[in-house]
Ligand code: NAI
């Protein structure tokens, strides 16, 4: 369908999991891809090769997206390799799940920085490019627990709720420049992140999901494609749940 023909997308945490699925979906629809992950390792090389099979320009970069200096550096590298940036997907995220009683200040800061501060730092680094070209799309990866909260995830839920406030504020601030900002709130999606969960927690999730199955990274990537393409040209400041009904 070539929904993203000629566009360039920057995707954080794009080497694997949901980020990789989004990158694959975008490349298949004609987009050039710059993905950023913590390391440029064999997983990144594999992702880069998988993406290149679609025939667009695709490259992986290493940076900690919570570090503003590292982000400034990597964005300037990306701009040497790509003509512009049309789409930004703030997808990188981590968990440090613990009950509040055991959660340390370091657990808190780490999760808030990687999940929330990174979106601020990345969006700030790229917004002037989008403003100048008078178009852009930002997709932020929140979570159902950013809306509902979750025991054992105070830091993670706070970071994902913060992303929703950030998404809506950016939508209001940059809408007049034809820049759209939306969030996705996935539920239980099968990736390396959820593989770490104990069996009992997974069973509990399954009981509460009306569609009675875990989501796939592709389920999330389909919505990320909709939000990045002109099919959603009148959609901004929204949070789209992709959770098999877990939130109802
Ligand atoms: P994942 O752990 O499979 O992939 C996350 C990627 O982000 C990894 O490649 C990792 O190296 C990268 N990353 C982590 N910290 C980084 C940093 N500081 N700088 C650059 N890259 C960094 O996780 P998954 O499941 O693909 O999650 C992607 C996003 O979706 C995350 O924001 C997560 O919170 C969110 N999400 C995931 C859900 C799930 O069930 N898997 C549910 C709801 C939201």
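In whole Å, largest first, what are the principal axis extents of the Cα atoms in the range 166-231?
47, 23, 22
Could you work out the relative contact order of the range 109-248, using alpha carbon pairs under 8 angstrom and six or more residues apart, expressed as a whole percent? All intermediate terms of the calculation are to be shown ahead of the outcome.
Numbers: 209 pairs, mean separation 39.9, N = 140.
Relative contact order for the range 109-248 comes out at 29 percent.
Cα axis of helix 68-81 to longest principal axis of the chain: angle in degrees, 0 to 90, nearest 10?
Approximately 40 degrees, to the nearest ten.
If one takes the longest principal axis of the Cα atoms in the chain, at what angle in degrees, from 0 to 90 and to the nearest 10, does the Cα axis of helix 17-28 lie?
Taking Cα atoms only, the helix is inclined about 30 degrees.
If I stretch the segment between residue 104 and residue 41 completely, what's the gain in nm (0.36 nm per residue apart, minus their alpha carbon distance), one decimal?
Between residue 104 and residue 41, full extension yields an extra 19.7 nm.
Which whole-number percentage describes the relative contact order of the chain, with Cα contacts under 8 Å and a sequence gap of 6 or more?
In percent, rounded to a whole number, it is 19.
For residue 135 and residue 79, compute 0.36 nm times the residue count separating them, minus their Cα-Cα distance, and round to one decimal in nm. Before the final figure, lay out the partial values.
Working: separation 56, 0.36 × 56 = 20.16 nm, distance 1.66 nm.
Difference between extended and current length: 18.5 nm.
Based on the Cα atoms of the range 140-204, what semi-axes does the equivalent ellipsoid have, where each is the square root of 5 times one gyration tensor eigenvalue, given in whole Å with the largest first?
Equivalent ellipsoid of the range 140-204: 29, 12, 8 Å, largest first.
Largest first and to the nearest Å, give the Cα extent of the range 1-93 along each principal axis.
On the principal axes, the range 1-93 reaches 37, 25, 19 Å in Cα extent.
Is the shape of the range 103-156 rounded, prolate or oblate, going by the alpha carbon gyration tensor and its root eigenvalues a ≥ b ≥ c, with a/c under 1.5 for rounded and a/b larger than b/c for prolate? All intermediate terms of the calculation are to be shown ahead of the outcome.
Numbers: a/c = 6.41, a/b = 2.07, b/c = 3.10.
It is oblate, given that a/c is not under 1.5 and a/b is not larger than b/c.
How big is the range 110-228 on each of its three principal axes, counting only the C-alpha atoms and giving the largest first in Å?
Sorted largest first, the three principal extents are 50, 29, 22 Å.
Treating the angle as unsigned and between 0 and 90°, give the value, to the nearest 10°, between the Cα long axis of helix 199-208 and the longest Cα principal axis of the chain.
It works out to around 80 degrees.
D for the range 31-162, whole µm²/s, Stokes-Einstein with Kirkwood Rh over alpha-carbon pairs at 25 °C and 0.890 mPa s: what number?
Translational diffusion coefficient: 154 µm²/s.
Against the 2.2 N^0.38 Å scaling, with N counting residues, where does the chain land? I'd like the Cα-based Rg ratio to two decimal places.
So the chain has a normalised radius of gyration of 0.96.
No lab work stands behind these numbers, since they all come straight from the coordinates. Predicted model, so just to flag it, every value in this text is computed and none were measured.
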